[in-house]
Every structure is written in structure tokens, then in C-alpha cells.
Amino acid sequence: MRQLLIVDDDSHIRELLRFVMTREGYQVYEAENGMEAAKMMDRHDMDLAVVDIMMPYMDGYELCEYIRENYDIPIIMLTAKDQLTDKEEAYSRGTDDYLTKPFEPEELVFRVKALFRRYQRTSSDTLYLNRIVIDRNNVEVTDGQSVFLLPMKEFELLSQLAQYPGRLFSRDELIRLVWGADYEGDDRTVDVHIKRLRQRFADYTDDFSIQTVRGIGYKLEVPKR
């Protein structure tokens, strides 16, 4: 049974989501602030977190960063903050999805299920982008006939994006995941490596594409066939 963490300082919201998500077959844990949620995640293996932004002690932005640094699970922001700048901040901190209050519980259910479908939480050693196959064990990318010789950082960047198709990564997050937390260079190095990947796979845009989300970062999309 998949385990969901609901983090909101409004007990009525938590009660509603517990009822809806339990009915859908999920095991639900609750926390009323980010600090309590962080402690709970240390004790339980969560599969997804639904996080409010405006909370005491540790707000949703801070919790989102904490989860991204320590765990590999999808995050949905559920909040009354509906400005574009709020959404930009949330995505830059690492959220996967953003839903504003008031909301329809059924829509949240749809979004949770969609995230689970696309969020490949399994540590598969082989990733498929239609014809393109990424072998993480052998550090190799092929199209079934030819082998692409990628520098290590390009390979790691492509693998990171391909592991979570459709998920938006900020530049800072990609720097941390690919280059490491102690990297002291310019975050524009991500842009340079993305440009090189696009050039290398210019003939494979029917198989996958790396999309720019202006002012935030990048996501990899895989068309259905």
C-alpha cells in the first residue's frame, strides 16, 4: 500500500484528504507543519507528499527543499497562494505539481495518480525514451543500432531528467543532483549541457525532448507512440 504524507496546519483539510485518500486505497500520515513532517519522514517510508505552503516553524517551501535534499518522492503543493510568483517559487524549490485552494478533492486524486504513473520511483538501471535506451550500469546510450558517446556530466544530466519524465527540475536542483552540493561554478553550466544534449539528439525529437520552463528550469517529455 502506498503511503501519503499530508502536511497542512488546517485540521479540516487534513481530515478531508485523509478520508478521500484512504478511500482510494492509500495509507495516510498527517503533519501540521514542516518540522513535524520532516521528523515523520525519518520514521516512515513515504511515497508522496501533499504540502501546504503557509505553515508555522517550517513552511512548505522549506519542507519541499528538505524533501528534495533527502528523499526521492513526488511533491504536490496544495495552497491558497495563487499568484504566478508563488508557483514559480514552489517549482524552483522542487515541487512536481501545484494545486490552489479551494480545490476539488477528485482533482487532487487525479493528480496523485498521474504523478505515480510518470514518477519512476523504482531504481531501474535501464530507461527507455522510445527508440533511445539509457543503460545506467554501462553508462551507455543507444538507439538500437548506434551508440552515443556522451561525456559523463551529459550522461548524468540526461539520466536524471529521463528518470522522471514530465517533472520540472530547477537549475539549482540539477546542479545539486548532477554536479553535487559543493559545486561552486555558475548554474548556467546546466544551460550549456542542455544545449549540447539537444544538439546530439536533434534527429530524435519524436522520441523525447527537453523543454525549457522560462525562469525555472527544464523537464524531459516523452511522446506516446
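Just so you know, all these numbers are worked out from the coordinates, no wet-lab data involved. As the structure is a prediction and not an experimental result, all values here were calculated from the model. Glycine also receives a Cβ, built like all others from the backbone with ideal geometry; neighbour counts cover every protein chain displayed.
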**OP:** Set the Förster distance to 41 Å, then compute FRET efficiency between ARG188 and GLU15 from the Cβ-Cβ distance, nearest 0.05.
**Re:** 0.35
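In debye, nearest 20: dipole of segment 34-84 around its Cα centre with unit charges on the Cβ of K, R (+) and D, E (-)? Write down the numbers at each step before the final one.
Details: 4 positive and 11 negative charges, 16 e Å.
The dipole of segment 34-84 has a size of about 80 debye.
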**OP:** Could you tell me what fraction of 2.2 N^0.38 Å the Cα radius of gyration of segment 126-221 comes to, as a two-decimal ratio?
**Re:** 1.02
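Among DSSP bridges having both ends in the chain, what percentage is antiparallel? Round to the nearest 5. Show your work: numbers first, answer last.
Details: 16 of 32 bridges.
Looking only at bridges with both residues in the chain, the antiparallel portion is about 50 percent.
In segment 89-187, which chymotrypsin sites (Phe, Trp or Tyr not before Pro) fall in coil by DSSP and have 16 or fewer other Cβ atoms within 10 Å?
On the way: sites: TYR91, TYR98, PHE103, PHE110, PHE116, TYR119, TYR128, PHE148, PHE155, PHE169, TRP179, TYR183; in loops: PHE103, TYR119, TYR183.
When the chymotrypsin sites (Phe, Trp or Tyr not before Pro) of segment 89-187 are filtered for loop state and at most 16 Cβ neighbours within 10 Å, PHE103, TYR183 remain.
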Original post:
Using the C-alpha gyration tensor of the chain, what are the square roots of 5 times its eigenvalues, in whole angstrom, with the largest one first?
Top reply: 33, 19, 16
Subject >> Qualifying aspartates and glutamates (Cα of each under 14 Å from Cα of LYS153; at least 8 residues distant if same chain) >> reply: GLU140, ASP187, ASP191
Subject >> Estimated FRET transfer efficiency (PHE103, ARG43; beta-carbon r; R0 45 Å; 0.05) >> reply: 0.95
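For each of LEU63, LEU174, LEU99, LEU84, count neighbouring Cβ atoms within 10 Å of the residue's Cβ, then give the residues from fewest to most.
Details: LEU63 29, LEU174 21, LEU99 14, LEU84 7.
In increasing order of surrounding Cβ atoms, one gets LEU84, LEU99, LEU174, LEU63.
Holding the Cα-Cα limit at 25 Å, pick out from LYS113/LYS224; LYS113/LYS219; LYS81/LYS195; LYS81/LYS113; LYS87/LYS113; LYS87/LYS219 the pairs that are longer than that. Numbers along the way, then the final one.
Working: LYS113/LYS224 18 Å; LYS113/LYS219 19 Å; LYS81/LYS195 34 Å; LYS81/LYS113 23 Å; LYS87/LYS113 21 Å; LYS87/LYS219 16 Å.
In this structure, LYS81/LYS195 exceed 25 Å between Cα atoms.
In nm, what is the difference between 0.36 nm times the number of residues separating GLU221 and GLU88 and their Cα-Cα distance? Display every interim value, and only then the final one.
Working: separation 133, 0.36 × 133 = 47.88 nm, distance 1.97 nm.
Full extension of this stretch gives 45.9 nm more.
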**OP:** Calculate for the chain the 222 nm mean residue ellipticity that helices alone would give, adding -39,500 (n - 2.57) per DSSP H run of length 4 or more and normalising by residue count, nearest 500 deg cm²/dmol.
**Re:** -11500 deg cm²/dmol
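Between ARG200 and LEU149, 0.36 nm times their residue separation minus their Cα-Cα distance comes to what? Before the final figure, lay out the partial values.
On the way: separation 51, 0.36 × 51 = 18.36 nm, distance 0.98 nm.
Result for the pair: 17.4 nm of gain on full extension.
Run the dipole for segment 149-225 about the Cα centre, Lys and Arg Cβ at +1, Asp and Glu Cβ at -1, nothing else charged, and hand back the magnitude in debye, nearest 20.
On the way: 13 positive and 13 negative charges, 62 e Å.
Dipole magnitude for segment 149-225 comes out near 300 debye.
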Subject >> Along the chain, longest interval not containing exposed GluC sites (Glu not before Pro), exposed being DSSP loop plus at most 16 other Cβ atoms within 10 Å >> reply: 25-183
